[in-house]
Amino acid sequence: MQSDIRFAFSLADQFEASADFRSSRGKRYSLSFLLNRAACAMMCGAQGFVQIAEWICAQPRSKLRLLGR
């Protein structure tokens, strides 16, 4: 059985393609960087901004680097 899907994109690819409408002033991280980490945190059970931030802070830098820049 052959799939009709012509292109397969990862979630990270979709985040990378997302337009970032934030102003450049004070922007430390790319939108794809933030969305990637937030998605991982939510898949691990984080609910809401505080739990997402806590999950990200609890991860070693080496693990976060594996998720992209």
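The values are calculated or read from the model by the stated rules, or taken from the named source; none is laboratory data. Note that this is a predicted model, so its numbers are computed, not measured. Cβ atoms come from the backbone with ideal geometry, glycine included; neighbour counts cover every protein chain shown.
Of all the criteria given as (1) modelled with pLDDT of 90 or more; (2) surrounded by 12 or more Cβ atoms within 10 Å (Cβ to Cβ); (3) assigned to a loop (DSSP other than H, G, I, E, B), the one not satisfied by Ile56 is (3).
Taking the criterion of being assigned to a helix (DSSP H, G or I), of a type in the set (Gly, Ala, Ser) and crowded, with 17+ Cβ neighbours inside 10 Å, the only residue of the range 40-53 that qualifies is Ala41. Answer yes if at least one residue in the range 25-33 is assigned to a helix (DSSP H, G or I), of a type outside the set (Lys, Arg) and either more than 11 Å from the chain's Cα centre (by Cα) or exposed (fewer than 14 other Cβ atoms within 10 Å of the Cβ) (or both), and no otherwise. Looking for residues that are assigned to a helix (DSSP H, G or I), of a type outside the set (Lys, Arg) and either more than 11 Å from the chain's Cα centre (by Cα) or exposed (fewer than 14 other Cβ atoms within 10 Å of the Cβ) (or both), one finds none in the range 25-33, hence no.
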